[in-house]
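Undergrad: Take a look at this one; I'll ask things after.
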Amino acid sequence: PPILLWLRRDLRLSDAPALSAACESGAPVIPVYIRDSLLDGLGAAPKWRLGRGLEVFGKTLEAKGSRLILRSGDPLDVLAGLVETTGAKQVFWTRLYDPESIARDSGVKEGLKAKGIDAKSFSGTLLFEPWEVETKDGGPYKVYSPFWRTVKKRDVAAPSSAPKQIPAPDTWPESEALDDWDLGRAMNRGAAVVERYAEIGEDAAGDRLAAFLEEGIDDYKAGRDRLAEAGTSGMSVFLTTGEIGPRTIWHAGMRALHEGSTGAETFLSELAWREFAWHLAYHTPRILDRNWREKWDAFPWEDDERKAEVKAWKQARTGVPLVDAGMREMQVTGTMHNRARMITASYLTKHLMVHWRVGQHWFDAHLIDRDAASNAMGWQWVAGSGPDASPFFRVFNPETQQEKFDPEGAYVRRWIAEGQDDPPETALDYFEAIPRRWARAPEDAYPDKPIVGLSEGRERALDAYGAVKD
Ligand code: FAD
């Protein structure tokens, strides 16, 4: 009997333990993707990106003699239905670690087991299962550095290679059409623009990683902070859809380390931040939508989305060039440089005194590398409410940040057209990507001063911090 392979965030052939186990069994494999309420709840940009990933992965499977079967509905109902029609006795999938997925998957596992089906979950999303990393006292880590010291010494299994062929069943169950899912709908005009910048699929991920190992990793320590350079790996987007597995990246980083690459250790330690984010989300899921430190509930953050300050931030018209450049990069490419994420988040939560959740939700909708754990941890790290967060009094000053990390202004010019005689394509693309109702044009005047001044905003935030401090 065939094995159903329920795919989720693992759209790849290599470094895919669930797929490898299914193929090694010798039974026919039926790959299935289910459009359920969790998929429907995704923000516009990540949903669009997932749709593009599914399109490419469907072709990848076809090249291996297989197919991607698409179905909508409650996963247990869909899988139970497929079990009936195909005679499958086993269902395999790769584990996920957010509370909604865990609840869904355990329900599916129980439901299938009750029908006598062998439902098996595999690792593959993370390097380290969240329950396998413990402090000396036996609890989860709350601070990154000791977490890193522990995991860096761990052995990580070598990634499996892609199966040569995926055994196919004699007859395929029916599939819905990806076009009918219309996963890009909520992106509106943005989809066509982001498409110009996006790289999709497992091959693209491999090429990008190879290029980074060739050109970026040696200088990564400093290069990762230079805003105008492609000094980072670009792996986050592919990790989100699972077009690359973390073990592949880890082993590549380790090889570079052993070959003496000076940036390799820092690179591996960044990959461990993703692990740490999921470690936290698994052990304390409230980090995903509430202040991790409860005393921060007393902080007088605003969360009225209609406020002029919030609008200016979202529409990249705060009058602080570095903040606006970062926000525009995200509209145009669906990603944002890590340093710009910190600067835009700091300006929102500190200078503008707006709740980090407002920013988190905006990022949820606009990042194609949107990752629930890294996004929540990133926001709470900047806001000061998270575990091992940056101290609140560390208010990023966008002017000094620009002097340090974009001294020539190249990043700002790349994204802000206003005031330039001959703005680059990137800056013009922004006006094509944004909603028409914002009614904006490259010829507009750029705000002549920040919506909240840098020192004024800093003072106000530090005063308010008194409410939480003791
Ligand atoms: P590289 O510098 O090449 O790093 C390699 C990999 O390490 C990344 O792909 C990523 O998986 C991991 N990594 C690096 N930095 C971090 C970090 N600070 N936290 C967790 N993992 C990290 N990352 C996301 O993947 N999705 C998000 O939704 C997300 N939201 C963020 C929101 C805020 C406010 C902040 C401050 C950071 C956020 N990050 C998020 C983390 C980080 O900005 C991105 O992972 C990084 O910019 C991705 O680029 P890269 O793949 O080229 O990274």
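The values are calculated or read from the model by the stated rules, or taken from the named source; none is laboratory data. The structure presented is a predicted model; accordingly, all values stated were derived computationally and were not measured. Backbone-built Cβ (ideal geometry, glycine too); neighbour counts: all protein chains shown.
Undergrad: Would you check if Ser390 is crowded, with 22+ Cβ neighbours inside 10 Å and within 10 Å of the ligand (Cβ to nearest atom)?
TA: So Ser390 fails the test.
Undergrad: Okay, moving on. Output the number of the condition that Gly26 fails; it satisfies all remaining conditions of (1) at pLDDT 95 or above; (2) of a type in the set (Gly, Ala, Ser); (3) at positive phi.
TA: (1)
Undergrad: Take Pro423 and decide whether it is over 27 Å from the mean Cα position of the chain (by Cα), surrounded by 15 or more Cβ atoms within 10 Å (Cβ to Cβ) and either at pLDDT 95 or above or outside the structural domain of Ala228 (by TED's automatic domain parsing) (or both). First the steps, then the outcome.
TA: On the way: over 27 Å from the mean Cα position of the chain (by Cα): yes; surrounded by 15 or more Cβ atoms within 10 Å (Cβ to Cβ): yes; either at pLDDT 95 or above or outside the structural domain of Ala228 (by TED's automatic domain parsing) (or both): yes.
Here the answer is yes, as Pro423 does meet what is asked.
Undergrad: Right, here's the next one. Out of the range 105-154, which residues are acidic (Asp, Glu), assigned to a helix (DSSP H, G or I) and assigned by TED's automatic domain parsing to the domain that holds Thr94?
TA: Those that are acidic (Asp, Glu), assigned to a helix (DSSP H, G or I) and assigned by TED's automatic domain parsing to the domain that holds Thr94: Asp105, Glu110.
Undergrad: Considering only residues that are part of a helix (DSSP H, G or I), of a type outside the set (A, V, I, L, M) and free of Cβ contacts under 8 Å to residues at least 60 places away in the same chain, which ones fall in the range 379-398?
TA: Trp379, Trp381
Undergrad: Please go through the range 93-117 and give me each residue that is more than 24 Å from the chain's Cα centre (by Cα) and within 28 Å of Ala168 (Cβ to Cβ), ordered by number.
TA: Val108, Lys109, Gly111, Leu112, Lys113, Lys115, Gly116, Ile117
Undergrad: Which of the residues belonging to the range 337-351 are over 16 Å from Ala410 (Cβ atoms) and near the ligand (Cβ under 7 Å from one of its atoms)?
TA: Residues satisfying the conditions are Asn338, Arg341, Met342, Ala345.
Undergrad: Here are some conditions: (1) in a loop (DSSP other than H, G, I, E, B); (2) within 16 Å of the ligand (Cβ to nearest atom); (3) over 19 Å from Asp324 (Cα atoms). Ala376 meets all but one. Which one does it not meet?
TA: (1)
Undergrad: Another question, if that's okay. Within the range 84-104, work out how many residues are assigned to a loop (DSSP other than H, G, I, E, B) and of a type in the set (Asp, Glu).
TA: If we filter the range 84-104 for residues that are assigned to a loop (DSSP other than H, G, I, E, B), which is where we start, we get 87-89, 95-98.
Subset that is of a type in the set (Asp, Glu): 98.
Adding up the residues that qualify gives 1.
Undergrad: Do we find a residue being part of a helix (DSSP H, G or I) and in contact with a Ser or Thr (Cβ under 9 Å, 6 or more places away or on another chain) anywhere in the range 447-465?
TA: Checking the range 447-465: at least one residue is part of a helix (DSSP H, G or I) and in contact with a Ser or Thr (Cβ under 9 Å, 6 or more places away or on another chain).
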